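Read the structure below first, then the notes.
The values are calculated or read from the model by the stated rules, or taken from the named source; none is laboratory data. Computed from a prediction, not measured in an experiment: that's the story for all the values here. Glycine gets a Cβ as well: all are built from the backbone with ideal geometry, and neighbour counts include every protein chain shown.
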Amino acid sequence: MLKEFKKFIQRGNVIDLAVGVIIGGAFTNIVNSMVKNLINPLLGLFIGRIDLSNLVLKIGGATFKYGEFINAVINFLIIALIVFLLVKAVNQLTKQNEKPAKPAGPTSADYLKEIRDLLQEKTK
């Protein structure tokens, strides 16, 4: 069992996953800070308030904090947009760094057409 665990841990995809989780955690802190400190205040200029968490609806003994839910939805949309833009930018950079594909050589269909044409010329 120990050998299997060692083999499992040494596989590349497990290491890649671990690195991805660590980088993702660090990236989450950056994006959350950006949303909280830069984007939410900017939105606050337009909607008049930055924090909607104090919006509540009380029915009987229950308190529904719909403002916090709205904050969470707004933060999710902002984070999703930022991640989308970052992925799009990274994809653009990787496209620019890719070497152009070598032109494909003649296929077997091309050779067969050439043979057919040569045979047709001989029969004329």
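Comparison of LYS65, LYS95, LYS102 shows that the only residue that is closer than 30 Å to ILE39 by Cα, under 36 Å from the mean Cα position of the chain (by Cα) and surrounded by fewer than 10 Cβ atoms within 10 Å (Cβ to Cβ) is LYS95. Filtering region 35-61 to residues that are modelled with pLDDT of 80 or more and either under 17 Å from PHE84 (Cα atoms) or of a type in the set (Lys, Arg) (or both) leaves only LYS58. Within region 1-25, residues that are at negative phi have Cβ atoms under 6 Å from residues that are of a type in the set (Lys, Arg) in no pair, counting only partners at least 6 apart in sequence or on another chain. Does VAL31 fit the bill of being under 19 Å from ALA72 (Cα atoms), in a helix (DSSP H, G or I) and under 16 Å from the mean Cα position of the chain (by Cα)? The answer is yes for VAL31.
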